[in-house]
1. Taking the residues in the range 609-644 that are small (Gly, Ala, Ser), modelled with pLDDT of 90 or more and in the same structural domain as residue 552 (by TED's automatic domain parsing) as candidates, determine which candidate is farthest from residue 521 (Cα to Cα).
2. Can you confirm whether residue 529 is assigned to a loop (DSSP other than H, G, I, E, B), among the aliphatic types (A, V, I, L, M) and under 25 Å from residue 450 (Cα atoms)?
3. Hey, among the residues in the range 520-542 that are surrounded by fewer than 22 Cβ atoms within 10 Å (Cβ to Cβ) and of a type in the set (Gly, Ala, Ser), which one's modelled with the highest pLDDT?
4. If you go through the range 181-194 one residue at a time, do you hit one that is modelled with pLDDT of 90 or more, basic (Lys, Arg) and within 26 Å of residue 237 (Cβ to Cβ)?
5. Between a residue in the range 559-576 that is touching a residue at least 40 places away in the same chain (Cβ under 8 Å) and any residue that is assigned to a loop (DSSP other than H, G, I, E, B) and among the charged types (D, E, K, R), which pairs come within a Cβ distance under 7 Å, given they are 6 or more apart or on different chains?
6. Out of (1) crowded, with 20+ Cβ neighbours inside 10 Å; (2) within 17 Å of residue 335 (Cα to Cα), the odd one out for residue 252 is which?
7. Where in the range 391-503 are the strands (runs of 3 or more DSSP E), entirely inside, with at least 1 residues that are surrounded by 13 or more Cβ atoms within 10 Å (Cβ to Cβ) and more than 35 Å from the chain's Cα centre (by Cα)?
8. Which condition from (1) closer than 22 Å to residue 233 by Cβ; (2) of a type outside the set (Asp, Glu); (3) crowded, with 17+ Cβ neighbours inside 10 Å is the one that residue 306 breaks?
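The values are calculated or read from the model by the stated rules, or taken from the named source; none is laboratory data. Keep in mind that this is a model prediction, so the values were computed, not measured. Note that each Cβ is placed from the backbone with ideal geometry, even for glycine, and that neighbours are counted across all protein chains shown.
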Amino acid sequence: MRKSSKAISLILSGLLATSCFSMAAISASAAPVDSEATGVDTAATRIANGHQVVFFQFPDTVWGPVSSVKRNARKWTCNVFCNYYSIYGNQNEVKSRSWEAPSTSMLMDKAGSNILYFDITESGQGEMEEGAEYGILFSTKANAGQADLLQPNTEGYQTCDLYFNTTLLGHTYKVDEPAVVRENTANSQKIDYLAHSDNGVGAPLRKVSTLCAYIDGINPGNAPASLEMANALQTYLSNPVNEPSFTWAKIEPVLAKFGTTNKEVYDTYVEKFAGKIAEGVPYEHVDGENDQKADGSLKDVYRYSSITTTTIEDGVEQTKTVKYPWLDLVRERLNLTEEPTEAPTEAPTEAPTEAPTEAPTEAPTEAPTEAPTEAPTEAPTEAPTEAPTEAPTEAPTEAPITEDVYIVAGSEAEIFGTAWDGTNEANTMTKQENGTYTKDYTVDKAYTAVQLKAVKNGSEWIGDETGNNVTFNLTGPGTFTVIYDPETNIASVSGDIVEFLGPCIDCDAVFAVGNGEGNWLNGASWDPAYEANKMNKVADDVWEIEFTNVPDGFERQIKFAIDGAWTHNFGGVFTESGVETEAVYNGDNITFDTDDTCTVKAQLDLRDFNFATKEGAKFTLTIDYEGGDEGGIYGDVDGDGAVTAQDATKIQRRGVELETFDATQEALADVNGDGRVSILDVTCIQRYLAEMTEGIGKTGQRA
């Protein structure tokens, strides 16, 4: 029986009044809970409960509006990330995380706040120790693509590596304003923003870059000056991309900047890594592998021992392999002709010191991750003993005109002397009468999939007409020519022995690779040959893989590596679940969010790919939430994909018969699961909208 209009009006007014009162009472009396894992209220309460917390002020005026930061209203996490790692003096291991992994998400007490914080205690990486020294940096993809003049790359923003210790807990790091930037230590084509802590202790760390360049900053107070170079040698000497840069000619001036010696670096390396080398498995040559020099000895990049560890995290088996270059190789690179007889007086006690590496946006072999830095800008340390007797009679009227220098950088050290070294003068190109630049090379055997670029003035990397590496085969002994044309800004090769790859990529396997964590990518972090992430061939040139029970998280990233290497890989831009999208050769990381526990299926379709144009490849990411998307979201009765105040109003109106629900709406409205739709369901939704995590029933969950 329908009620009269007057009766309906009175009842509806009462319900709405109750609703407003309930919302006000919730807002006034209950502090929002920002973590389902701990149940701790707000940053201040976390600190009061003994949690280790550090703050970061989002730089709205430099990185764009904080309103663009995405936020999980239930967990209060956001897509600004904190990467913290150990440097020196800690007794317990600090667990590393993938770059911008969901577990490194910062927290935001309320929407729109530019003060974010990271709970180290809750992160599971391991708490900081008194007196030990750490590094920290902050990053985000919020506002990516809206770059200012200080941001040449548009993939996001990050601070440089910053000094961190327990005296900085509870303090706030702030990006310098006006903004000051410096070269990114892992990729010279990116920049980092300088930042400092509000108590003046946390400041930019000085670093050794991936191409053995000195990046200025402070040295940790207690860590030996030799430690950073020792760590760099361990990390890069077994890396084919960066190993050629760590020669004595480049190392020596960097050591002078750090105020240390080759002997001190070697002593630190021995104390920190000699046990690992002895414990590890020495690399052994396998017939058929191209890892030997012409004299039969191992190439430097293969002179290492490795240790593989397997752990179980969140029920997922994760395997990690770390390489440790042999001591004789380190001595050679440090210009020490024989084993030093004097042992160091004290062994460093710290755990591995590397910062989390940034997810690669293109294949590491496409070009070195960092271009050489400029010549040192410091003045000479000593003044001349005598002043000139006469001043120049006339100053130059014009600055000299400097010719551009073009150097070939390529993948094969046997051909180019060094691999991907844009500063090797032996590869300098010669200018021809027609304005082009050329360089001839002679080889004594065939090579497969040689890659190269022309490097302008040590910093600008120039590829083929698509901007990618020039890729080709060499069919046998002979000569080929590398050509750079300034008019077209294109590099190319020619010669009778040059054979360009066919229209398709002939691959035996495709691997999914990205910022794995937990069930996502089987926990593997940017490993292009991780066996568990080998995709299944479901048709000719079509590959698929599926990951189940992937939890919610911001900025999940994935790419596709051909034959388990970075030589050929595909990225792109995610648009929508289940929608086929262009896969970009050597493109950006594919980035997406997961809103709840789900299954992620990835497909790469290479059937129409044309290697000459680098076009035609497609990828599809399908995200299936538990129960499927068709079931909807509890509380979302108007079907717009989100739970809002309008849904609460519709349920109220349904209660006084001003709305009629179908069976799906009835099911979604029963958020408290008591089998009926009532004002109790409205209260659950109101609490959910007030960003509480208790007393909300199933609101916001997939049905």
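1. Filtering the range 609-644 down to residues small (Gly, Ala, Ser) leaves 612, 616-617, 627-628, 631-632, 635, 639, 641-642.
Now drop any that are not modelled with pLDDT of 90 or more, which leaves 616-617, 635.
When the remaining residues are screened for being in the same structural domain as residue 552 (by TED's automatic domain parsing), the result is 616-617.
Numbers: 616: 25, 617: 22 Å.
Here the answer is 616.
2. On the way: assigned to a loop (DSSP other than H, G, I, E, B): yes; among the aliphatic types (A, V, I, L, M): yes; under 25 Å from residue 450 (Cα atoms): yes.
Yes, satisfied.
3. 539
4. Within the range 181-194, one or more residues are modelled with pLDDT of 90 or more, basic (Lys, Arg) and within 26 Å of residue 237 (Cβ to Cβ).
5. As it stands, the answer is 563/508; 571/588, since those pairs meet every condition given.
6. (1)
7. Values: elements: 406-410, 437-443, 447-456, 460-462, 470-474, 478-485, 490-494, 498-500.
Output list reads 437-443, 478-485, 498-500.
8. Here residue 306 meets the rest and fails (3).
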